[in-house]
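Trainee: Can you read through this structure? Questions will come right after.
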Amino acid sequence: TEAYEQDPRPVDEVLDAKGSIGGDEWSRAILKGKYLPEDEVLLRLRPAGTGPSYQSLVPFHTDSGLIILVNRGWVEAEEGNAVPDIPRAPSDEVTIVGMVRKAEAVHQSAPIFQEGYEQVYSINPPQVGELTGVAMGQDYLQLSDEEPGVLNPMPVPQLERGNHLSYGYQWIAFGIMAPLGLGYFVWSELKERRLARAEK
C-alpha cells in the first residue's frame, strides 16, 4: 500500500550499487535505458493465471550502467507445456516502472536449454547472469502493467482482507460452540440416566 501511495523513484535511489534492495521490497522504481532481448531467459512452468506458464526474464541496461533483470510477466504454456509464442522485448530506449523484488534462492533443479530458450526454475539474477554472460544486479524488477515490454503482468499481493477475517471469526465461534455442545450432550445423557435409575 505504501508503494502505491508513493511516487516511483529513480532506480539508483531504490537499489544500491550492487543492484540489491536497499529499502523495502515492492518499492516502485523508474528505469531508463534498453532491454537486452537477445539475453532473454524463461522461468519455466510456474503457475500463473489458470495454469502453468512461462515468465519472461530480460536484462535491462540502465543509463547509469547498472543492469537489472526484469520480469516482464507471464504467458500461458501451450498444450504439452510447450513454450508459447512470446513477443520480444523492445530493443529501443524506453522508460519503465516496476516493483523491486528480492532474488529467489537458486532452485535445486538445474537450468535447461529447450525450444530455443535457456530456462530456469527460480528468479535468481546471478544465475541468469551466468547463463547469459551478462553481469547484473542481485535483485530484480517486476514490471508493472501497461509498461513497454510487459506481457501479462505479475499480480501484486492482495491488499484487502477480503473475507478471511469473517472466516476466522466463524471458525473461532465453531471452536467455542463444539465443546459447549459436547458438554451439553454429556450433561443431558447423565440426567436421563439418573432419571431412569430413580424410576427403577
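Trainee: Just in the stretch 104-157: which GluC sites (Glu not before Pro) are loop by DSSP and have at most 11 other Cβ atoms within 10 Å?
Mentor: Glu115, Glu146
Trainee: Roll a 1.4 Å probe over the protein chains and send me the accessible area per residue for the chain in Å².
Mentor: It amounts to 60 Å² per residue over the chain.
Trainee: Heavy atoms only, 1.4 Å probe, whole protein assembly: order Phe174, Phe60, Phe185 by accessible area, highest first.
Mentor: Final ranking, largest accessible area leading: Phe185, Phe174, Phe60.
Trainee: I would also like to ask the following. Under a Cβ-Cβ cut-off of 15 Å, what is the net charge of the residues other than Gln6 that fall near it, where Lys and Arg count +1 and Asp and Glu count -1?
Mentor: -4
Trainee: Where in the stretch 18-43 does the amide nitrogen come within less than 15 Å of the point 7 Å from the Cα of Asp92, taken along Cα to Cβ?
Mentor: Backbone N within reach: 33-35.
Trainee: For the stretch 90-200, with only Lys/Arg (+1) and Asp/Glu (-1) charged at the beta-carbon, what is the dipole magnitude about the Cα centre, in debye rounded to 20?
Mentor: I would put it at about 1560 debye.
Trainee: Find how much the distance from Gln114 to Asn81 grows on full extension, using 0.36 nm per residue of separation minus their present alpha carbon separation; answer in nm with one decimal.
Mentor: So the extension gain works out to 10.7 nm.
Trainee: Take every Cα pair under 8 Å in the stretch 88-141 that's 6+ residues apart, average their separations, divide by the length, and report that relative contact order as a whole percent.
Mentor: In percent, rounded to a whole number, it is 36.
Trainee: While we're here: Using a ≥ b ≥ c from the Cα gyration tensor of the stretch 21-103 (square roots of the eigenvalues), is it rounded, prolate or oblate, where a/c under 1.5 gives rounded and otherwise the larger of a/b and b/c decides, a/b for prolate?
Mentor: oblate
Trainee: In percent, what relative contact order does the chain have, based on Cα pairs under 8 Å that are 6 or more apart in sequence?
Mentor: 21 percent
Trainee: Report the local net charge at Glu40: Lys and Arg +1, Asp and Glu -1, summed over other residues whose C-beta lies under 9 Å from its C-beta.
Mentor: -1
Trainee: Based on the alpha-carbon gyration tensor of the stretch 84-149 and its eigenvalue square roots a ≥ b ≥ c, which shape applies: rounded if a/c is under 1.5, prolate if not and a/b is larger than b/c, or oblate?
Mentor: Note, shape of the stretch 84-149 comes out oblate.
Trainee: Only one of the listed values, [x] 89, 32, 30; [y] 97, 43, 28; [z] 63, 35, 32, was derived from the coordinates as Cα extents along the principal axes in Å; which label is it?
Mentor: Computing Cα extents along the principal axes in Å and matching it to [x] 89, 32, 30; [y] 97, 43, 28; [z] 63, 35, 32 gives [y].
Trainee: Continuing with the same structure: Using a 1.4 Å probe on the protein heavy atoms, what percent of the accessible area of the chain belongs to carbon and sulfur?
Mentor: Within the chain, the accessible surface is 53 percent carbon and sulfur.
Trainee: I would also like to ask the following. With +1 on each Lys and Arg Cβ and -1 on each Asp and Glu Cβ, how big is the dipole of the chain about its Cα centre, in debye rounded to the nearest 20?
Mentor: About 1560 debye.
Trainee: Read phi for every residue in the stretch 131-136 and hand back ³J(HN,Hα) as whole Hz from Karplus 6.51 cos²θ - 1.76 cosθ + 1.60, θ = phi - 60°, with x for Gly and Pro.
Mentor: Each residue of the stretch 131-136 in turn: 6, 9, x, 10, 6, 9 Hz.
Trainee: Report the local net charge at Leu151: Lys and Arg +1, Asp and Glu -1, summed over other residues whose C-beta lies under 14 Å from its C-beta.
Mentor: -3
Trainee: Now for a different question. Counting other Cβ atoms within 10 Å of each Cβ, which trypsin sites (Lys or Arg not before Pro) in the stretch 77-170 have at most 16 and sit in a DSSP loop?
Mentor: For trypsin sites (Lys or Arg not before Pro) across the stretch 77-170 that sit outside H, G, I, E and B with at most 16 neighbouring Cβ atoms in 10 Å, the list reads Arg88, Lys102, Arg161.
Trainee: If the elastic network links every pair of Cα atoms under 10 Å, which of Trp187, Trp26, Trp171 fluctuates the most in the Gaussian network model of the chain?
Mentor: Trp187
Trainee: Sort Tyr140, Tyr169, Tyr121 from largest to smallest accessible area, using a 1.4 Å probe on the heavy atoms of the protein chains.
Mentor: Tyr169, Tyr121, Tyr140
The values are calculated or read from the model by the stated rules, or taken from the named source; none is laboratory data. Please read these numbers as outputs of a predicted model, since none were measured by experiment. Note that each Cβ is placed from the backbone with ideal geometry, even for glycine, and that neighbours are counted across all protein chains shown. Note: areas computed on protein heavy atoms with side chains; ligands, DNA, RNA excluded. Shrake-Rupley method; radii C 1.70, N 1.55, O 1.52, S 1.80 Å.
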